[in-house]
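What follows draws every value from the coordinates through simple rules; no lab data is involved. This is a predicted model, so every value here is computed, not measured. With ideal geometry, Cβ positions are generated from the backbone for all residues, glycine too; neighbour counts draw on all protein chains shown.
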Amino acid sequence: MALSIRLSRGGSKKRPYYRIVVADARSPRDGKFIERIGSYNPLLAKDDEKRVVLDTDRAKHWLGVGAQPTDRVARFLDVAGVKERAARNNPQKAEPGEKAKERAEERAEKAKAAEEAAAEANKPAAAEAETADATAE
């Protein structure tokens, strides 16, 4: 049986409250669980001590048995000093996708063509203005 340490949602609409539970990985998110080892209240301030309540002894036990924590729970365990979590780095996170890059290139080409057309339109007018200045002197 594959075990996971994960969050189980409770609370009302727009007012979430989570239990940190050990459950079979195949069971539903809010379904049957084996043991509740803590709670997480995201509505409290980040520096509030009751925001994350965790039974570290039980967490160590379940990790020793082979339970796999989800990413969010792994962060809580790292802060509590139970399990070290490797930091993730995704340097391409802010980079736009292929289609967005293609659209940006198309817009740049259209803008360049519009600039050239405007420059061509202004060229004869500028030449006429120069000749008018030369004849007026």
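Among 44, 25, 2, whose Cα sits farthest toward the positive end of the charge dipole of the range 1-45 (+1 at Cβ of Lys/Arg, -1 at Cβ of Asp/Glu, about the Cα centre)?
Among 44, 25, 2, the one farthest towards the positive end of the dipole of the range 1-45 is 44.
Can you tell me how much longer the chain between residue 65 and residue 84 gets when fully stretched, taken as 0.36 nm per residue apart minus their C-alpha distance, in nm with one decimal?
Net length gain for the segment: 5.2 nm.
Between residue 36 and residue 108, how many nm apart are label points set 7 Å from Cα along the C-beta direction?
Each label point is offset 7 Å from its Cα along the Cβ direction, giving 5.6 nm.
Scan around residue 35 for amide H atoms under 5 Å from its own, H built in the peptide plane at 1.01 Å from N, and keep only partners 5 or more places away or cross-chain.
Close amide H contacts, sequence-distant or interchain: 22.
Going down the list 14/50; 50/93; 50/83, which pairs span over 22 Å between their C-alpha atoms?
50/93
Given Cα pairs under 8 Å that are at least 6 residues apart, what percent is the relative contact order of the chain?
Normalised by residue count, the contact order of the chain is 16 percent.
Taking every alpha carbon pair in the range 19-82, what does the distance histogram look like in 10 angstrom bins from 0, in percent?
Histogram of Cα-Cα distances, whole percents per bin: 20, 56, 22, 2.
How do the peptides 40-49, 90-99, 71-80 rank, highest first, by the average count of neighbouring beta carbon atoms within 10 Å per residue?
71-80, 40-49, 90-99
Could you work out the equivalent-ellipsoid semi-axes for the chain, taking the square root of 5 times each eigenvalue of the Cα gyration tensor, largest first, in whole Å?
65, 17, 15
Provide the per-residue ³J(HN,Hα) series for the range 51-65, in order, calculated from phi with Karplus coefficients 6.51, -1.76, 1.60 and θ = phi - 60°, each as a whole number of Hz, with x at glycine and proline positions.
Taking θ as phi minus 60°, the curve returns 4, 10, 10, 9, 8, 5, 4, 5, 5, 4, 4, 5, 5, x, 6 Hz for the range 51-65.
Amide H to amide H, which residues 5 or more places from residue 30 or on other chains are under 5 Å from it, using H placed in the peptide plane?
Those lying under 5 Å, H to H, from residue 30: there are none.
Using a simple charge model, +1 on the beta-carbon of Lys and Arg, -1 on the beta-carbon of Asp and Glu, nothing else, what dipole does the range 1-108 show about its Cα centre, in debye to the nearest 20?
440
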